[in-house]
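**Student:** Sharing a structure below in structure tokens format, with a few things to ask.
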Amino acid sequence: GESVGLHLPTLSVQEGDNSIINCAYSNSASDYFIWYKQESGKGPQFIIDIRSNMDKRQGQRVTVLLNKTVKHLSLQIAATQPGDSAVYFCAERDEAGGSYIPTFGRGTSLIVHP
Amino acid sequence: KAGVTQTPRYLIKTRGQQVTLSCSPISGHRSVSWYQQTPGQGLQFLFEYFSETQRNKGNFPGRFSGRQFSNSRSEMNVSTLELGDSALYLCASSLGLAVTYEQYFGPGTRLTVT
């Protein structure tokens, strides 16, 4: 499959554990954030998004937390499964500023051991 | 419903040549965006096409161009290839402009420039 990145930060967890993946974003004006999952050989897949007027949003087994004070975003995956093994990265946009152009983080490689 | 398809999946070109990559969006999707993914720079936005018009453009040189056809299929072209253009090129489609609608990514075209 395709290698999406070399020397990415890696998080190794055991199946069933909860995983927390972090992302520091750069633009304090960013008001929309997305988490993506990219499996080997595939394109990124949307997981969950959050707008800057919220600090927490929950999906199925995933929770995104936003701390605007320190420009930090985290993705929490509950009861991690081997199928969750992938590269995860965040994206930010400054929509109120009129720019669609997204900026992507480098990503974190999540390895789930059965 | 078929996903986003990209052709070719792998391509090897020589420095100085040009290349054309193709993307077929999900049926009914009218917007196609292109991204470049490299280990060093991560995922970077190239441009977005909607209704055959370029709507957004990232910070790439003029050697990178694209177009969209009336059936929403899109091509991107890179002229005068450089070694640094080696990357995974991803295309994503959405119902409307990506600022409003969720994007669905294709598997990418791996371009190697020698």
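**Student:** Residues that are within 13 Å of chain A (Cβ to nearest Cβ), within 13 Å of the chain's Cα centre (by Cα) and closer than 21 Å to A:TYR88 by Cα: list the strands (runs of 3 or more DSSP E) wholly contained in region B:15-114 that include at least 1 such residues.
**Tutor:** Passing ranges, in order: B:31-38, B:42-50, B:87-94, B:109-113.
**Student:** How many of the residues making up region B:2-33 are β-branched (Val, Ile, Thr) and closer than 21 Å to B:SER94 by Cα?
**Tutor:** So the count comes out to 5.
**Student:** So A:SER109 clears everything in (1) under 27 Å from B:ASN56 (Cβ atoms); (2) within 14 Å of chain B (Cβ to nearest Cβ) except one condition, right? Which one?
**Tutor:** (1)
**Student:** Tell me whether region A:95-106 contains one or more residues that are within 14 Å of chain B (Cβ to nearest Cβ), under 10 Å from the mean Cα position of the chain (by Cα), modelled with pLDDT of 95 or more and under 18 Å from B:LEU88 (Cα atoms).
**Tutor:** Checked against the condition, which is being within 14 Å of chain B (Cβ to nearest Cβ), under 10 Å from the mean Cα position of the chain (by Cα), modelled with pLDDT of 95 or more and under 18 Å from B:LEU88 (Cα atoms), region A:95-106 yields no hits at all.
**Student:** Test B:GLY66 against the criterion of being surrounded by 19 or more Cβ atoms within 10 Å (Cβ to Cβ) and under 19 Å from B:GLN18 (Cβ atoms), and give yes or no.
**Tutor:** yes
**Student:** When you look at A:SER74, is it within 13 Å of the chain's Cα centre (by Cα), more than 22 Å from B:ALA92 (Cβ to Cβ) and not aliphatic (A, V, I, L, M), yes or no?
**Tutor:** Considered against the rule, which asks whether it is within 13 Å of the chain's Cα centre (by Cα), more than 22 Å from B:ALA92 (Cβ to Cβ) and not aliphatic (A, V, I, L, M), A:SER74 comes out as yes.
**Student:** Which of the following residues is touching a residue at least 40 places away in the same chain (Cβ under 8 Å) and either buried (at least 17 other Cβ atoms within 10 Å of the Cβ) or not in a loop (DSSP other than H, G, I, E, B) (or both): A:SER26, A:SER109?
**Tutor:** A:SER109
**Student:** Out of the residues in region B:1-14 that are within 15 Å of the chain's Cα centre (by Cα) and of a type in the set (Ser, Thr, Tyr), which is farthest from B:SER72 (Cα to Cα)?
**Tutor:** B:TYR10
The values are calculated or read from the model by the stated rules, or taken from the named source; none is laboratory data. Since the structure is predicted, the reported quantities are computational estimates derived from the model, not experimental observations. Virtual Cβ from ideal backbone geometry, glycine too; neighbours counted across all protein chains shown.
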